[in-house]
1. What residue, of B:LYS291, B:LYS309, is within 30 Å of B:GLN76 (Cβ to Cβ) and over 26 Å from the mean Cα position of the chain (by Cα)?
2. Among (1) more than 18 Å from A:ALA126 (Cβ to Cβ); (2) touching a residue at least 24 places away in the same chain (Cβ under 8 Å), which single condition is A:TYR274 missing?
3. For the subset of region A:308-346 comprising residues that are buried (at least 18 other Cβ atoms within 10 Å of the Cβ), over 23 Å from A:ILE5 (Cβ atoms) and in contact (Cβ under 8 Å) with a residue 60 or more places away in the chain, which member is nearest to the other protein chains (Cβ to nearest Cβ)?
4. Would you pick out the residues in region B:35-49 that are more than 30 Å from A:ALA126 (Cα to Cα) and crowded, with 21+ Cβ neighbours inside 10 Å?
5. Suppose we keep only residues that are hydroxyl-bearing (Ser, Thr, Tyr) and more than 9 Å from chain B (Cβ to nearest Cβ) within region A:106-163. Which one would you say is surrounded by the fewest Cβ atoms within 10 Å (Cβ to Cβ)?
6. For region A:130-240, list the strands (runs of 3 or more DSSP E) that sit wholly inside it and hold at least 2 residues that are more than 30 Å from A:GLU103 (Cβ to Cβ); which are they?
7. Of the residues in region A:1-26, how many are more than 7 Å from every other protein chain (Cβ to nearest Cβ), of a type in the set (D, E, K, R) and in contact (Cβ under 8 Å) with a residue 12 or more places away in the chain?
8. Might you let me know whether region A:65-78 holds any residue that is at negative phi, within 11 Å of chain B (Cβ to nearest Cβ), crowded, with 22+ Cβ neighbours inside 10 Å and assigned to a strand (DSSP E or B)?
Number of protein chains: 2
Amino acid sequence: MQKNIKLNMSRRIRRTPFTNKVEECGVSDFTVVNHMLLPKGFNNSIEEDYWHLSEHVQIWDVSCQRQVQITGPDSQKLVQLMTPRSLENMETGKCFYIPIIDENAGMINDPVLLKLDDDMFWISIADSDILLWAKGLALGSNFDVKIIEPDVYPLAVQGPKSEALMVEIFGQDIKKIKFFNFKIFDFQGTKQIIARSGYSKEDGFEIYFKGHEDYFDSIQLGEQLWNAIWETGKNFNILPGCPNLIDRIEAGLMSYGNDFTKENNPLECNLDKYCNPKETHNFIGKDALRKIQSEGIKQKMRGIIFDGKPCAPTGKPLPIFSQNNDKIGQIASGIYSPRIKKNIGLSMILKDHWETGQNVIVQNIDGSKHEGIITTLPFPK
Amino acid sequence: MQKNIKLNMSRRIRRTPFTNKVEECGVSDFTVVNHMLLPKGFNNSIEEDYWHLSEHVQIWDVSCQRQVQITGPDSQKLVQLMTPRSLENMETGKCFYIPIIDENAGMINDPVLLKLDDDMFWISIADSDILLWAKGLALGSNFDVKIIEPDVYPLAVQGPKSEALMVEIFGQDIKKIKFFNFKIFDFQGTKQIIARSGYSKEDGFEIYFKGHEDYFDSIQLGEQLWNAIWETGKNFNILPGCPNLIDRIEAGLMSYGNDFTKENNPLECNLDKYCNPKETHNFIGKDALRKIQSEGIKQKMRGIIFDGKPCAPTGKPLPIFSQNNDKIGQIASGIYSPRIKKNIGLSMILKDHWETGQNVIVQNIDGSKHEGIITTLPFPK
């Protein structure tokens, strides 16, 4: 088991407008994403949290999903340069999941893009400084854009009861938000963007909470928002939560830096459908991606179900072997699924072994080796 | 006091070739820098660690000081574009501390630059993805460079006995390395870059440990290097350590993200001497920096000595007030100095209050207010 290692607190690991509330709720674990605290555990086990999320509703401080705001005449041009996914038909009010790749077609982020207007975008990022990437590209290319990290702190409401809860606070119009769309709602005289989205396989919403100019006023408003959800949520059996590892792996939701890195291309990550650009669509990494497409990929992201004692993440990947004992992949974070009643994980698997139903061998944390089987993503229901 | 919050481990928070050794040594705290583990505490208090560092020698895993390697014909041109400090007279074998600023002259990193050759540089970074910044700039500008994060993991040997220890392992030539210079040494048939530098006010070295192609072989070689230093170090009373907050604040060594951020310009950080470019030297942020230089700055980094019960960092800044109770700054991390026998901290202080000897009021963690005084940096001996 993992020893209890303390996270050393400093201003560099930024608090959020909700950190006080998260602490009041008895947070036990944090991680760090985009130089900001992300709660990773409260008083329940991951398993208890998993069942609760699948039945009720939770409030998550996901402020670490920082926004890169791009405005100005060249904003669409810049965003389009950053991803192989076409934005041609993207309308205002839409959220697009986009791979961002470098000149080698290596993944450098997999954010959600929000179109606020024809010349205004938010990129809601995973754990890498896309602010610097976007600014570097724009400066080098002399694009007429302004790029900032606005004071926006996403707060997620996730679980099957989230719609009913949100309706009580924001009204019936909440129901009109379709998956991966957003609308603007009023909260105490402020305009707040609310999207139907979230890092779970349940229904849910993300409030892109924007505070006041003054950070201390923002904390106050943020805590009012938290309290409103919390108080209303009591009728829905609300609990504080965070992205749940069992839930996200079952859903096949990848985590940048864990399941894939800049060493991986989007085709390896099963993002083929965002990699068929028109001739006229230029983007960073286009030549490299074409080359990979013509030569074919060598490994691909797959689900693995495996035996052995229930495993928990340690930060040390679990190696995967073929029947001939050749290494064919590694699971960044294996976890026991109480629904599937086996261990599960995500892994890049070499070509000759990636077909669904193939047998593999997974080495557990304790060094013991166990039968595993390649499965579809999301995991079978 | 800070509650014990666990750091949730995952592959995204990268381990280093030395993490196993650090764990064997009983690490109790980690932080995260550049998506990598940085040890922040072992079995001693910060105070005990401070006295030990000032008298003996310590081994620090500072692998999180990631390198951005820039090679190719345009490498000097690119690096020069990234900083207001002139590299005109920089020779191979030198380390330069350089501010890196954005188009608004905001600090986005304060790394140490190593010149390995006329067309090869390492930027040894603080906590932001300068890899993405450099690559974005280079791609936008069509520069002929290659930019990667090489498999280099700095290991620091710090303290007054570090030279004697290093001589026993690497030979008398260690003595010839001057401060902020590096030379190449052999270790078990591999070439290793060793610089006289480190994030403390004591003498010390940083070994830019480069492993083998295979990461597992690198861990093995890394552990051999750690063991060699550890075994030899026993004669010098060696302990495992990490950047010490008391030592670095006394030395006036700033921490990016803590004491200053992208909201600050280099003049506010007392880096004026690196901000006097020639007419012919172009760099990102030049116009913005000129404007700030002509208008003058509104705040400046200062040392503060203040009364009250011994304070320890919590991640929550301590506000600083004038005698009229106006807010004039904040201390990101205040700490008790057993040498000065008062609390100390670093802070941006507004213009009318930044003169040495001026009196201010600091609000401690518990809310109590105390007398403080502005002091020079480094702190007086």
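1. Result: B:LYS291 is the single residue among B:LYS291, B:LYS309 that is within 30 Å of B:GLN76 (Cβ to Cβ) and over 26 Å from the mean Cα position of the chain (by Cα).
2. Just one mismatch for A:TYR274, condition (1).
3. A:LEU346
4. If we filter region B:35-49 for residues that are more than 30 Å from A:ALA126 (Cα to Cα), which is where we start, we get B:42-49.
Of everything in region B:35-49, just one residue is more than 30 Å from A:ALA126 (Cα to Cα) and crowded, with 21+ Cβ neighbours inside 10 Å, namely B:ASP49.
5. Let us first name the residues in region A:106-163 that are hydroxyl-bearing (Ser, Thr, Tyr), namely A:124, A:128, A:141, A:153, A:162.
From what is left, the residues that are more than 9 Å from chain B (Cβ to nearest Cβ) are A:124, A:153, A:162.
Numbers: A:SER124: 22, A:TYR153: 26, A:SER162: 27.
It comes out as A:SER124.
6. Details: elements: A:146-148, A:152-158, A:182-187, A:190-195, A:204-210.
Of the strands (runs of 3 or more DSSP E) lying wholly inside region A:130-240, those with at least 2 residues that are more than 30 Å from A:GLU103 (Cβ to Cβ) span A:152-158, A:182-187, A:190-195, A:204-210.
7. Number of matching residues: 2.
8. Looking for residues that are at negative phi, within 11 Å of chain B (Cβ to nearest Cβ), crowded, with 22+ Cβ neighbours inside 10 Å and assigned to a strand (DSSP E or B), one finds none in region A:65-78, hence no.
The values are calculated or read from the model by the stated rules, or taken from the named source; none is laboratory data. These numbers come from a predicted model, not from an experiment. All Cβ positions, glycine included, derive from the backbone under ideal geometry; neighbour counts span all protein chains shown.
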